[in-house]
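**Student:** I have a structure here, written as structure tokens, and I will follow up with some questions on it.
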Amino acid sequence: MAELKIVEYPDPILLKKTEPILDVKKPAIKKLIADMLETMDLNNGVGLAAPQVGKSVRLCVIKVDGITYILINPRVTYKSWLQETWEEGCLSFPGKFIPVKRPKKVRVKAQNELGEEITIKAEGLLSRALQHEIDHLDGKLYIEKEVRLRQKNKKQDILKKKQ
Ligand code: NI
């Protein structure tokens, strides 16, 4: 295993939609998974997507509550209507924590490292991590979803003053 270098914004690979993985058991994929797990742990990340280590393939890893998830070709198959706003960070944006609004619950289908189809139903931190990482695989970044609390407050202040 080896620690990989984390790609930081504004590297263009972070904005590219990734390619599906056709051969899950390929040695190069096995090695990439092992290296990504090590890199996530060494950086205390909750999740890491392949584009963040310079590989534009549909693979991400997540670790929540001591449970490790390896997700190959994941897709969100259900999003709850109810949304919630949480503060999120990203290893590609060191030190940047911003409020992001997302569906509260999701269901995700993916393949595991053995090529088996898995389904994950999630809420809380796991739901958050799944949505953040799958967004990476679609070339989408959390900064696009920032809840502009300050702007909203400013508007409210202006309204108050007018009254
Ligand atoms: Ni991220």
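**Student:** Using 0.36 nm times the number of residues separating L82 and I13, minus their current alpha carbon distance, what extension gain do you get?
**Tutor:** 21.7 nm
**Student:** Now for a different question. What full-extension length gain, to one decimal in nm, is calculated for D41 and D23 as 0.36 nm per residue of separation minus the Cα-Cα distance?
**Tutor:** Length gained between D41 and D23: 3.9 nm.
**Student:** Here is a further query. Pairs K96/K140; K26/K96; K30/K105; K5/K104; K63/K145; K16/K101: which are spaced more than 27 Å apart, C-alpha to C-alpha?
**Tutor:** The answer is K26/K96; K30/K105; K5/K104.
**Student:** Between the range 67-110 and the range 2-20, how many Å separate their Cα centres?
**Tutor:** One Cα centre to the other: 17 Å.
**Student:** May I ask which residue of I29, I118, P12 lies farthest towards the positive end of the charge dipole of the range 12-162, with charges of +1 (Lys, Arg) and -1 (Asp, Glu) on Cβ and the Cα centre as origin?
**Tutor:** Selected residue: P12.
**Student:** Then there is this: For the range 41-58, just list the computed ³J(HN,Hα) in residue order, Karplus coefficients 6.51, -1.76 and 1.60, θ = phi - 60°, integers in Hz, with x standing in for Gly and Pro.
**Tutor:** 5, 5, 9, 6, x, 8, x, 8, 10, 3, x, 6, 10, x, 10, 8, 10, 7
**Student:** D for the range 12-162, whole µm²/s, Stokes-Einstein with Kirkwood Rh over alpha-carbon pairs at 20 °C and 1.002 mPa s: what number?
**Tutor:** Translational diffusion coefficient: 132 µm²/s.
**Student:** With +1 assigned to the C-beta of every Lys and Arg and -1 to the C-beta of every Asp and Glu, and no other charges, what is the dipole magnitude of the range 12-162 about the Cα centre in debye, to the nearest 20?
**Tutor:** 1060 debye
FYI, it's all coordinate maths here, none of it is from the lab. Every value quoted in this text rests on a predicted model; they were computed, and no experiment measured them. Don't worry about glycine lacking a Cβ; one is built from the backbone with ideal geometry, like all the others, and counts go over all protein chains shown.
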